[in-house]
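Read-outs throughout are calculated quantities, based only on the coordinates presented, and are distinct from any laboratory measurement. Just so it is clear, the structure is predicted and the values come from calculations on it, not from any experiment. In this analysis, Cβ positions are derived from the backbone assuming ideal geometry, glycine residues included, and neighbour counts consider all displayed protein chains.
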Amino acid sequence: MELEIITTSSEETIQLGEKLAKVLPNGLTILLTGDLGAGKTTLVRGIAKGLNIQGVVQSPTFNIMKLYIKGNRPLIHIDAYRLADIDTDIGLDEYIGYETGLTVIEWPIYIPKLIPDFKIEVEITNLGDSKRRLLFKGDETLLKEVK
């Protein structure tokens, strides 16, 4: 199933992330795709806000992964962009699909072998100004909650 949502500001994208945090089940992996600056980390900030995560949420591009545990549930935020040419196992599989929280992966195309079956995909497109198109793909029962 596919679901398209248009947001017209970063605040709306954050609010959508908050809603996702409240309706999506533990153990789910959210795959985020889109160009640089499309709004992937903005959506993750909303998810963190919905989980009552304290502190600043930034893209983990140079860290690869950030783990936020001070909230209602853990949030694992992975940015696989810098893993494009890495063939070694760096242990990310231990965090993906974390049973008691949500895992969000930016640039999942760089770690295809680590992507679990229990997932939804979100393609974010910058439509200009602060307008974003978020195309959700996944199981109908999961996406029904997002509407």
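Loop-located chymotrypsin sites (Phe, Trp or Tyr not before Pro) in the range 45-112 (DSSP state not H, G, I, E or B) with no more than 13 neighbouring Cβ atoms inside 10 Å: 62.
DSSP beta bridges fully contained in the chain are about 55 percent antiparallel. Evaluate 2.2 N^0.38 Å with N set to the residue count of the chain, then give the Cα radius of gyration divided by it. Scaled against compact globular proteins, the figure is 0.96.
Spatial offset of the range 48-78 relative to the range 1-43 amounts to 14 Å, using the alpha carbon center of each. Sparsely packed loop sites in the range 1-63 (the GluC sites (Glu not before Pro) outside DSSP H, G, I, E and B with at most 16 other Cβ atoms within 10 Å) do not occur. Between residue 130 and residue 109, the distance separating the two model label sites (each 7 Å from Cα on the Cα→Cβ line) works out to 2.9 nm. Within the listed set 20, 31, 127, the residue fluctuating most in the Gaussian network model of the chain (springs between alpha-carbon atoms under 10 angstrom) is 127. Among the GluC sites (Glu not before Pro) within the range 86-147, those in coil by DSSP and having at most 16 neighbouring Cβ atoms inside 10 Å are 99.
Under the simplified labelling scheme, the residue 52-residue 6 pair shows an inter-label distance of 3.6 nm, with each label point 7 Å from Cα along Cα→Cβ. Using just its DSSP H runs of length 4 or more, each adding -39500 (n - 2.57), the chain gives a mean residue ellipticity at 222 nm of -6500 deg cm²/dmol after division by all residues. Near residue 46: Cβ cut-off under 13 Å, other residues only, Lys/Arg at +1 and Asp/Glu at -1. The net charge is +3.
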